[in-house]
Every structure is written in C-alpha cells, then in structure tokens.
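The values are calculated or read from the model by the stated rules, or taken from the named source; none is laboratory data. Just so it is clear, the structure is predicted and the values come from calculations on it, not from any experiment. No Cβ is skipped: glycine too gets one built from the backbone with ideal geometry, and neighbour counts run over all protein chains shown. In case anyone asks, the SASA skips ligands and DNA or RNA and just uses the protein heavy atoms, side chains included. Shrake-Rupley method; radii C 1.70, N 1.55, O 1.52, S 1.80 Å.
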Amino acid sequence: MTEAIHRGPDPSGGPDLQKLLARVAQGDHEAFSTVYDAVSAPVFGVVCKVLRDHAQSEEVAQEVWVEVWRTAHHYRAERGTVVNWILTLAHRRTVDRIRSAEASAARDHKAALLAQMPEFDEVSEQVEAVFEREQLQRCLRSLSEIQRQSVTLAYYGGLTYKEVAEALSAPLGTIKTRLRDGLIRLRDCLGVTA
C-alpha cells in the first residue's frame, strides 16, 4: 500500500495530511488526489456559505485547489493544520472574489452614470450665455454714443478701422482712439483683468 492510505497522527483516523501535502509540494498527483478527497467538502462548504451561488462557488473552489497545488510548499505545520491552511486559502480566495465582483459592479455603475450625463450642463451654459450677453449690453450702454457706434461697427459689423472711419465720416486716428477708449471702458465694466 502507498503512504497516501496509511493512517497518520490525525486523531480522526484519516490520512496524514501533513505528509501528503509535503508530497504534493514535490508534484505527487496521487497525494494531491488524497488531500482533495479529504478536504474538498469543507472547502466547498466554506466557499458556498460565503458566496451563496453554486456555480461561482464551484469556480472559486477550483481556484483554491489550483492554489493548493501551486503553493503546497508554503505550508508550515507550526502555524496550524493542513485543513485549516487550506480553508484559510479558501476563505481568502472567496473574499477576493466578492471584492472583485463589488469593484466590477462599482466600475459598471460609474460608467453607466457617466454615459447618462451630458458632457456639459446645457442649462448652465445657456444661463451663462444669457447673463454674459445682458452684462455686455449693459456695458455697451455705458459707452458714449460715438464709442458705442465704433465698437459695434468694428466688432459686431466686422468692419476694419478704415471702414468704420468711412461709415462714421471721421478721421482714422479718431476712430482708433474711440475704439481703444471704448474697449478699455468695456473691459473695466465687464471686470476683465488685463
């Protein structure tokens, strides 16, 4: 008979899981199978109790057994029994799955909220535009008639200084001065810092 079916120091009369896990750490498939048979039900119970979803529990339990196979060499007898070590792995893997699912759900929720939000607040933009237009009209009314005409023709009419001078029958230098003075007053009225 192989060592896998010999009874060891386990008080329950089961296989000596410490020796078997040492063999698993060396790549012994038969020892792994015996450890699996001895501990698979408690592992699935721990996982299923936390997840409460049979399909996910099977998946996580499988991940636990892959981890046992890969990390058997990390087991230390002085820290506890083989069963407790494996159940601790199972509990950690289960908690990791829950955290991962919660993080994924939070990301999906955030993405859904962002998809619903417009890129900018249209109402706010419209209110701001109306406010700016009213403020500009108020400031334009504060200019002298000659300044207001010059600014209006140049900036709203799209005329050059020369065309504004011709339209108002005024010398070009006078128009430039009116525009400069009018723009300075507009800047001050609108609260624009230079």
Using the alpha-carbon atoms, what tilt in degrees (0 to 90, nearest 10) does helix 29-51 show relative to the longest principal axis of the chain?
50
Sorted by average packing, counted as other Cβ atoms within 10 angstrom per residue and highest first, what order do 96-107, 163-174, 147-158 take?
147-158, 163-174, 96-107
In the chain the accessible area split gives carbon plus sulfur, as whole percent at 1.4 Å, a share of 54
Cysteines in the chain that, by Cβ-Cβ distance, have no pairing candidate under 4.7 Å:
Cys48
Across region 14-68, how large is the tail of the calculated P(r) beyond 16 Å, expressed as a percent of all Cα pairs?
42
Report the charge-dipole magnitude of the chain in Debye, nearest 20, computed about the Cα centre from +1 at each Lys and Arg Cβ and -1 at each Asp and Glu Cβ.
820
Using the Cα atoms of the chain, I'd like the radius of gyration and the largest Cα-Cα distance, Dmax, both in angstrom.
40.4, 119
All aspartates and glutamates inside 19 Å of Lys110 as judged from Cα atoms, apart from same-chain residues fewer than 8 positions distant
Glu102, Glu119, Asp121
So for region 56-170, what percent of the C-alpha to C-alpha distances run longer than 20 Å?
71
To the nearest Å², the heavy-atom accessible area per residue of the chain with 1.4 Å probe amounts to 68
Measure nothing but the geometry: give the 0 to 90° angle between the long axis through the Cα atoms of 122-141 and the longest principal axis through the Cα atoms of the chain, rounded to 10°.
20
